[in-house]
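What follows is a single structure, written as structure tokens, with notes after it.
The values are calculated or read from the model by the stated rules, or taken from the named source; none is laboratory data. This one's a predicted model, so the numbers in the text were calculated from it and none came from an experiment. No Cβ is skipped: glycine too gets one built from the backbone with ideal geometry, and neighbour counts run over all protein chains shown.
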Amino acid sequence: MQPNETIECSVSAGGENPILTIESDRLVPGQTIGYLGTVNYASIEDNISEKNIAKVYPTILKRGSEIIIQKQNINNNSINIEVIASNGNIVQRLNTVNNSLLINTSKFSPGYYIICISDNEQKTQSQKVIIL
């Protein structure tokens, strides 16, 4: 593969003419590009709502904006939330029975964070959030 070259490969992922496109403008000698499989994007929202405890959005936001956490099942069960910085420090711990919660990011430094959510049924979920 040469710089600025594009390769299209057919994949057996179903659907009509699925294609994997690989583009590169900076090659590294010996670099390997791996293909690990497919995701059925047509039904991903259904899968998320069945498995996740809560919906977390937006996942990319400006410092000072609010992260919204909405429980997927409307009930009185509590959920535990931890906001973990990329260095592993827990920057905030919350617990709520409310169906939605806002997390203000004005005191967070720009960077990557993981929102970890758990419930009383031993289910856990994590979501990466980027604060600009």
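Identify all residues within segment 81-99 that are in a strand (DSSP E or B) and surrounded by 12 or more Cβ atoms within 10 Å (Cβ to Cβ); write none if there are none.
If we filter segment 81-99 for residues that are in a strand (DSSP E or B), which is where we start, we get 81-85, 90-96.
The answer is Ile81, Glu82, Val83, Ile84, Ala85, Val91, Gln92, Leu94, Thr96.
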For this session: Could you tell me whether any residue of segment 101-123 is in the same structural domain as Thr59 (by TED's automatic domain parsing), within 17 Å of Lys55 (Cβ to Cβ), over 18 Å from the mean Cα position of the chain (by Cα) and not in a strand (DSSP E or B)?
Result: no
